[in-house]
Amino acid sequence: MKPTHRCAALAIAALVIAAHAGAGEYNPVLTPVPGDPSVTAEITQHDNGRMAKRAFRKNGKLDGLFQEWDADGNLTLVAEWREDKGEGVWMYFHPNGIVRERSYVTRDLWDGPSEGWHANGLKSFEGEFDLGVKRGPFRYWNEQGQAFGPSVDLVAQGASPRIILAGFFPQGFNAWDVTFSIDLETMFVGTGDDDGENRRIMMRQWRGNAWSALEPAPFADLSAAEGTPVSSHDGEYVYFSSDRHKAEEPGNTTRDLYRVSRRSGWKQVERITATPAYGEVSLTTAANGTGVMWTDRRLDGEARIGLYEVAVGSDAGSFRILRNLNDLQTGDSSGEAYPVLAPDGSFLLFSNYDLAGADTKEDMYITLREGDGWSAPRALGAPLSTRGNDSAVQVIGGNTVIFGQSDEQGTRFYAMPVTSLLELGMQP
């Protein structure tokens, strides 16, 4: 027998109270105060007469317990409202009564732990929201209990590098640069022709348990030359370079740094630099408020790319250069490129080319933070360095490094544990 609506409501109310007891942050309002004249009940029915929805309003606003049923009498949702906004625990159900999803809500935004189950009772996903955005990677499982999704596809597994992103790009597609959002469910791709023309920023998203097709990023200006998207250490921004200002600033035709906010749905763009003397290429940041900028020309006017350590505040206008990093390879005139800072600022990866004046490809190096400065760079040998061009892409979650290798056969991307990377960096 199915429980009555009243029994079901009481049972679910008990679950909601139990869930909140663990959170300890919110006292749910499950029923209106008896006799309160400001409270009204709102009840709707399906065509067959079964209950469809029951809600309570206080002074006209949704407040307290909210429930929905399907036409067969199965409870599908129990939720909480406060002053017309979702608040508390929201629980969705499969027709067989198994919880489909349980999530916390704050002022109409998913906020806190979120988890779900398949109709057979096996876990389907788990993760945590931070005021409407995913705090980090979510984990997903199919109905057989097998893990899948970006947290499996992109994160290092085992001590050795493994290839990732295989088959992600169309035949002949030139992916210059790749970066991922902090939840790993949005990929930004800097692309263009082999000669560097028609630079664009594209994106793919994890939707409906699969990656979407490539499309222009919401912030992309298709009339501008743009590229080198880099996710910030906390995932709140993606930094990128663009010359979208050139129409209004004919004296500045080089690219400058911009950033776009995750919380704006990747639409709200801020300008970081405005420097016609040299072109910025990318910016990588760390939690200690520092970053490393890659420029198209060095600040002394030398026609060679270079790196600079910078201070990066929460205000876009607080950006400033701290020190020149172009002498990391002491006494060498090589070009430094593709910087990637560890999220905690403890190490910096970068690529060098034309070492000792020779026409060498880009090889990966690591330098460790030492006080206010950096240690002497160490070359990262095989398997991170090859006869082609090798460059770091991103450090994910502090435990996985993604890097790329390019040669005449195209670009391949790999994931590797940070511990293995550091071991290579410590070898004499």
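Worth a mention:
- Matching entry among Glu25, Glu80, Glu42 (being outside any strand (DSSP E or B) and modelled with pLDDT under 95): Glu25
- For the stretch 127-143, taking the residues that are small (Gly, Ala, Ser) and assigned to a loop (DSSP other than H, G, I, E, B), the one that is farthest from Ala415 (Cα to Cα) is identified as Gly132.
- Extreme residue, nearest to Trp141 (Cα to Cα), among residues of the stretch 89-108 that are charged (D, E, K, R) and in a loop (DSSP other than H, G, I, E, B): Asp108
- Across the stretch 182-216, the number of residues qualifying as surrounded by fewer than 22 Cβ atoms within 10 Å (Cβ to Cβ), outside any strand (DSSP E or B) and not basic (Lys, Arg) comes to 14.
- Restricting attention to the stretch 144-164 and to residues that are part of a loop (DSSP other than H, G, I, E, B) and within 16 Å of the chain's Cα centre (by Cα), the residue that is modelled with the highest pLDDT turns out to be Gly149.
- Flag if Gly167 is in the same structural domain as Lys267 (by TED's automatic domain parsing) and at positive phi: yes
- When the residues of the stretch 379-421 are filtered to those that are hydrophobic (A, V, I, L, M, F, W, C) and over 24 Å from the mean Cα position of the chain (by Cα), the one that is nearest to Phe173 (Cα to Cα) is Leu384.
- Residues that are assigned to a strand (DSSP E or B) and either surrounded by fewer than 16 Cβ atoms within 10 Å (Cβ to Cβ) or of a type in the set (Lys, Arg) (or both), drawn from the stretch 381-421: Asp407, Gly410, Arg412
- Test: residue in the stretch 239-252 that is within 18 Å of Val312 (Cα to Cα), modelled with pLDDT of 95 or more and either among the aliphatic types (A, V, I, L, M) or not in a strand (DSSP E or B) (or both): no
The values are calculated or read from the model by the stated rules, or taken from the named source; none is laboratory data. Nothing here was measured: the structure is a model prediction, and the numbers come from that model. Methodologically, a virtual Cβ is constructed for each residue, glycine included, from the backbone with ideal geometry; neighbour enumeration extends over all protein chains shown.
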